[in-house]
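Throughout, read-outs are computed from the coordinates displayed, never taken from laboratory work. This structure is a prediction, so every number in the text was calculated from the model and none was measured. As a convention, Cβ positions derive from the backbone with ideal geometry for all residues, glycine included, and neighbour counts pool all protein chains shown.
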Amino acid sequence: MCGIVGIFLKDPKLEPELGAMLASMLCVMTDRGPDSAGFVVYGQGDAGHVKLSLRATEGYDFQGLANSLSLSSGGTPKLTVRSTHAVIEVPADHEAEVRAALARHPDVAVVGSGTRMEIFKETGLPRDVAARFDLSKMSGTHGIGHTRMATESAVTTAGAHPFSTGADQCLVHNGSLSNHNDLRRALKREGIAFATDNDSEVAAGYLTWRMRQGASLGEALEAGLKDLDGFFTFVVGTESGFGVLRDPIACKPAVMAETDRYVAFGSEYRALVDLPGIANAKVFEPEPATVYFWDRAA
Amino acid sequence: MTASPDITFDLAQAPLRELNSALHKATGETNARLWRVINPNGRHALAAGVNAPVTIEVDGHVGYYCAGMNQQARVIVNGNAGVGVAENMMSGFVHVKGDASQAAGATAHGGMLVIDGNASARCGISMKGIDIVVKGSVGHMSAFMGQAGALIVFGDAGEALGDSLYEAKLFVRGSVKSLGADCIEKELRDEHRKLLQEKLEAAGLAGTVDIGEFKRYGSARQLYNFHIDNAGAY
């Protein structure tokens with residue numbers, strides 16, 4: 001089944017409330033996906049720095065890790081620890097060096113990177129996952145969340161959504177893909193790295209590959225209609241954009257709400273009911289096989 | 001809301017189960033004829049399984065299967081409806097003032113479903129006698145395997161309208177993206193104009209559109225019994 005939520009703010013005044021809005025939406029979707037939950041928040045950032053989202057085990061000494069990294073990156077990286085995850089900010093021109101150093105720590109995984117994107121996911125009930133990462137206090141411009149009912153791969157933290165396969169790019173998926181093995185092999189040959197056997201990660205990798213070739217997010221989604229076989233409702237994020245795509249059969253549910261302050265997505269309308277001004281929002285069901293895309297840069 | 005309700009039920013204050021349970025106890029003798037439901041907030045199965053001549057007016061958007069299995073009741077949704085509104089309705093009248101999601105009126109045997117906005121995919125799938133009037137457009141695979149009843153669409157129809165159709169009668173005023181297997185356009189004769197007039201009167205919409213603008217679609221009746229020449233169409 002799985003539940004998806006997403007919110008893209010148009011009104012900067014709402015940015016401090018983004019995490020609280022996303023947390024509330026995520027918890028409502030628990031009955032669609034109680035196995036694990038995850039979310040991405042696009043917060044503050046500048047072009048000179050890269051945020052690396054790291055995942056380890058509970059109680060891991062992230063500070064010790066950061067101290068060891070500071071020697072090579074020419075300063076102490078800013079570190080924010082949240083339970084099993086941490087975000088470190090390093091100068092962009094030191095990213096490769098820091099990644100090389102992190103590769104020497106097999107107990108730490110880099111789960112995402114980008115100028116503004118931070119990614120968190122864990123097994124367990126969405127309410128507990130949101131609480132352990134303190135989602136409700138986060139601020140940002142847009143965010144995406146997912147509650148998972150596992151079908152195609154095991155209930156693990158690595159198998160939880162969102163998946164990120166490129167800088168500032170993330171994807172959540174409700175559905176199941178049938179050609180993911182073939183596609184994964186083809187994408188690996190193109191240099192896309194995969195961390196799991198999960199079908200949804202292949203969809204993320206596919207979009208990353210398309211965008212690497214110069215496609216916009218909208219164009220990459222459009223191409224996905226032809227190349228991805230199976231059931232899907234995707235919500236995807238980039239540094240400045242937010243996109244939605246459903247398969248041509250429209251197997252998986254989707255409801256959207258738009259006001260002059262935000263665009264919101266929910267697998268069900270229930271997820272949207274606590275949003276400000278929802279009573280007067282334009283509430284609609286996205287059409288099958290139709291790319292919906294909002295961009296802050298536009 | 002013109003008349004004042006006999007019962008107002010606030011779903012922000014009391015659980016849906018309580019409302020549905022109370023509605024299930026209502027009979028033809030009930031004095032509570034007009035129920036008003038506020039704060040539905042997308043809850044599922046609202047007013048499902050009612051079997052009494054009552055009116056239930058819901059202020060807001062509802063979730064899945066609203067008014068499912070309905071008998072006798074008049075259910076009005078002042079908002080959008082989720083998947084499967086009036087699914088398996090037997091009799092009564094369901095009016096969605098916004099849009100309806102997929103499978104509106106699915107498998108329903110009787111009654112009337114009126115949707116002021118659009119209905120998504122599979123509207124009237126396997127309909128068995130219900131009449132459905134959609135003032136907007138319907139999505140793909142609408143009236144799939146429709147057996148009886150009428151689907152009347154003021155706007156357009158998506159892909160594969162009436163696929164594997166039995167004897168449901170389909171009327172579309174706008175364009176049809178494509179017809180499903182064994183569904184063909186048929187002549188709109190006087191008897192069909194009369195039928196349309198009757199259905200629109202029952203829906204409270206007589207005179208709002210020109211009946212002559214509709215096209216009629218029905219079954220070519222080539223797939224009823226298996227024939228080896230049709231194997232590719234199954």
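For chain A, the longest stretch holding no GluC sites (Glu not before Pro) located in a DSSP loop with at most 13 other Cβ atoms within 10 Å is which?
Answer from the scan: A:59-189.
Looking at the range A:79-153, which trypsin sites (Lys or Arg not before Pro) are in a loop (DSSP not H, G, I, E or B) and have at most 15 other Cβ atoms within 10 Å?
When the trypsin sites (Lys or Arg not before Pro) of the range A:79-153 are filtered for loop state and at most 15 Cβ neighbours within 10 Å, A:ARG104 remain.
Please identify the GluC sites (Glu not before Pro) of the range B:9-93 that satisfy two criteria: DSSP loop assignment and at most 14 other Cβ atoms within 10 Å. Which are they?
B:GLU29
Please get the size of the charge dipole for chain B, origin at its Cα centre, with Cβ charges of +1 on Lys and Arg and -1 on Asp and Glu, quoted in debye to the nearest 20.
140
Could you tell me how many cubic angstrom of Cα convex hull volume the range A:46-115 has per residue?
It comes to 72 Å³ per residue, whole-number rounded.
Normalise the Cα radius of gyration of the range B:63-223 by 2.2 N^0.38 Å (N = residues in it) and let me know the number.
So the Cα radius of gyration is 0.90 times the expected 2.2 N^0.38 Å.
Rg and Dmax of the range B:82-125 over Cα atoms: what are they, in angstrom?
Cα radius of gyration and Dmax of the range B:82-125 are 9.0, 23 Å respectively.
Taking N as the number of residues in the range A:168-298, what is its Cα Rg relative to 2.2 N^0.38 Å?
Its radius of gyration relative to the 2.2 N^0.38 Å reference: 1.08.
What's the magnitude of the charge dipole for the protein assembly as shown around its Cα centre, counting Lys and Arg as +1 and Asp and Glu as -1 at the beta-carbon? Answer in Debye, nearest 20.
380
Once you have a ≥ b ≥ c as the square roots of the Cα gyration tensor eigenvalues for the range A:1-121, tell me rounded if a/c is under 1.5, and otherwise prolate or oblate according to whether a/b is larger than b/c.
oblate
Would you mind telling me which residue in B:ARG17, B:ARG33, B:ARG74 has the biggest mean-square fluctuation in a Gaussian network model of chain B, where springs connect alpha carbons within a distance under 10 angstrom?
B:ARG17
Length gain on complete extension for the stretch A:THR151 to A:LYS282, per 0.36 nm per residue less the alpha carbon to alpha carbon distance?
43.9 nm
If you bin the C-alpha pair distances of the range B:181-234 every 5 Å from 0, what whole percents do you get?
4, 17, 21, 15, 12, 10, 10, 7, 4, 0
Pop a pseudo-label 7 angstrom from the Cα along the beta-carbon direction at both A:ASP229 and B:ARG33 and give the gap in nm to one decimal.
6.0
Relative contact order for the range B:63-223: what percent, with Cα pairs under 8 Å and sequence separation of 6 or more?
Relative contact order of the range B:63-223: 14 percent.
Report the semi-axes of the equivalent ellipsoid for the range A:259-298 in whole Å, largest first, where each axis is √(5λ) for an eigenvalue λ of the Cα gyration tensor.
So the equivalent ellipsoid measures 18, 15, 8 Å along its semi-axes.
Can you list the GluC sites (Glu not before Pro) in the range B:127-225 that are in a DSSP coil and have 16 or fewer other beta carbons within 10 angstrom?
Counting only loop positions with at most 16 other Cβ atoms within 10 Å, the GluC sites (Glu not before Pro) in the range B:127-225 are B:GLU167, B:GLU187.
How fast does the protein assembly as shown diffuse by Stokes-Einstein, in µm²/s, taking the Kirkwood radius from C-alpha pairs at 20 °C and 1.002 mPa s?
Estimated diffusion coefficient is 86 µm²/s.
By what distance, in whole Å, do the Cα atoms of chain A stretch along each of the three principal axes, largest value first?
For chain A, the Cα spread along each principal axis is 52, 43, 37 Å.
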